[in-house]
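Remarks on the structure that follows.
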Amino acid sequence: MRYAIMSDIHGNYEALQAVIDDVDAVCVEDGVKCDAMWCLGDVVGYGPDPSACVRTIRDMCELSVAGNHDFGASGEVDLNEFSDMARDSLIWTSQQLLPHEIDFLKSRPDRTTMPMPEDITLVHGSPVVPLWEYLLTPEAAALSFISFPTRFCLVGHTHLPTIYLQASAKFNQPRVPVLTAHSRHVMEYGSDEGYDEPTTAQMQVLNNMPPCYAVTNMPHAWWLPDEAERAIINPGSVGQPRDGDSRAAYVIYDTERGFLFRRVGYWIEKTMEKMRDEGFASALIERLGQGY
Ligand SMILES: [Zn+2]
C-alpha cells in the first residue's frame, strides 16, 4: 500500500496542487498507485486560499486530523492562544470560510490510528499534547514514544522534516500517560501553566525505555527503519516550510519501500501576490520566499 502524507498546508493552494501533481508523477514513474492521502492538520491559517485548501483536503484525504490553526479558524480554540500575526490571519481566514468548510475543520479528530498492518498514529503536534506540542528534541520525542501504541507516529506542526527513532522497541511495553488529565486540559484549552513534572512511575518507564535519537542526515531516497525500531516522522510543511528551503515538503509512505521525503517547487510568486492583494503582513509574505 502507498500513502501520501501532507501537513501544514496553511491556505497555500499553489503549494498543495504542486504536491498533489508530484504524488501523481512519482507514482506514475514507479508504476505504483497511491492508495490514499492523509493530512496531519493546519489546512488553514497564514495563507490566502483557505476555502480551496479545505475543499481539496476534504475531497482527497482519507484521513485527516485537526491542527491548532484549524481549530482556531473554526472557533474550537480561543484565538488568544495564538501570536498576534497568527490571530489576525485566523480572523481573516474564518471570514473567508463557508459554514460547511468550518464544520469540516471542527469535526476533525485530534488524533487517529490506522489499524494493523499499517500500524500508524496520526496527530498534528505530538501524541502527548496533540494540538500544541512542538516535537523539537529527542527528549521530547522520548515522552511521545511512551504515549502512542503503534510502531510509527506521524506528526506535523514544527514545519521541519524530522525523524526520531526509538531503538530495539517492544511495541507492547506499558504506556503511562506523561501528562495528567488536568495538565493535558490546561495545554489544550489554554492557561499559562506548563507541564506537570513526570511522576515516579512515568520516570521509571522513561528510564527503562530504549534510547531515542534524531536522524540528522535526512534520507534522500526510500528509507525504512530497522525492523526493531519505532519512528516518529514529520513530513515538513506543504504551505509554509521553515527549514530554509522554500519548496513544499511532504512524504510518501510505501509499506514495501518505506518513507520518501519529497520537496516540490511551486508558483510561489502567485501565492505571494494573492497575499499582497489581501493586505497580509509583509513578514508573512516574505517568509514563504525564505522558507522560514
Ligand atoms: Zn502549522
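A few comments on the model shown:
- Condition met for Val215 (surrounded by fewer than 18 Cβ atoms within 10 Å (Cβ to Cβ) and β-branched (Val, Ile, Thr)): yes
- Count of the range 1-51 residues which are in a helix (DSSP H, G or I) and away from the ligand (no atom under 16 Å from the Cβ): 15
- Just one residue in the set Cys61, Cys34, Cys53, Cys39 is surrounded by fewer than 20 Cβ atoms within 10 Å (Cβ to Cβ) and under 17 Å from the mean Cα position of the chain (by Cα); that residue is Cys61.
- The residues of the range 138-149 that are part of a loop (DSSP other than H, G, I, E, B) and without any contact (Cβ under 8 Å) to a residue 40 or more places away in the chain, listed by number, are Ser147, Phe148, Pro149.
- Looking only at the range 52-78, and only at residues there that are in contact (Cβ under 8 Å) with a residue 60 or more places away in the chain, assigned to a loop (DSSP other than H, G, I, E, B) and out of contact with any Lys or Arg (no Cβ under 6 Å at 6 or more places or on another chain), the one that is farthest from the ligand (Cβ to nearest atom): Asp78
- The range 79-104: number of residues that are outside any loop (DSSP other than H, G, I, E, B) and either touching a strand residue (DSSP E or B) at 6+ places or on another chain (Cβ under 7 Å) or within 13 Å of the ligand (Cβ to nearest atom) (or both): 5
For every residue, the table says whether it meets (1) away from the ligand (no atom under 16 Å from the Cβ); (2) at pLDDT 70 or above; (3) of a type in the set (Phe, Trp, Tyr).
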position: Thr150; (1), (2), (3): yes, yes, no
position: Ile163; (1), (2), (3): yes, yes, no
position: Ala181; (1), (2), (3): yes, no, no
position: Arg184; (1), (2), (3): yes, no, no
position: Thr200; (1), (2), (3): yes, yes, no
position: Pro211; (1), (2), (3): yes, yes, no
position: Arg242; (1), (2), (3): no, yes, no
position: Ala248; (1), (2), (3): no, yes, no
position: Ile252; (1), (2), (3): yes, yes, no
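- Filtering the range 59-84 to residues that are of a type in the set (S, T, N, Q), more than 22 Å from Gln17 (Cβ to Cβ) and modelled with pLDDT of 95 or more leaves Asn68, Ser74.
- Residue within the range 46-58 that is of a type in the set (A, V, I, L, M, F, W, C) and modelled with pLDDT under 95 present: no
- Number of residues in the range 219-266 that are part of a loop (DSSP other than H, G, I, E, B), of a type in the set (A, V, I, L, M) and more than 16 Å from Arg151 (Cβ to Cβ): the value is 2.
- Listed by first and then second residue, the pairs with beta-carbon distance under 8 Å, at least 6 apart or on different chains, first residue in the range 14-30 and over 26 Å from Glu273 (Cβ atoms), second among the charged types (D, E, K, R) and at pLDDT 95 or above, are Val26/Arg262; Cys27/Arg2; Cys27/Lys33.
The values are calculated or read from the model by the stated rules, or taken from the named source; none is laboratory data. Source: prediction; values computed, not measured. Glycine also receives a Cβ, built like all others from the backbone with ideal geometry; neighbour counts cover every protein chain displayed.
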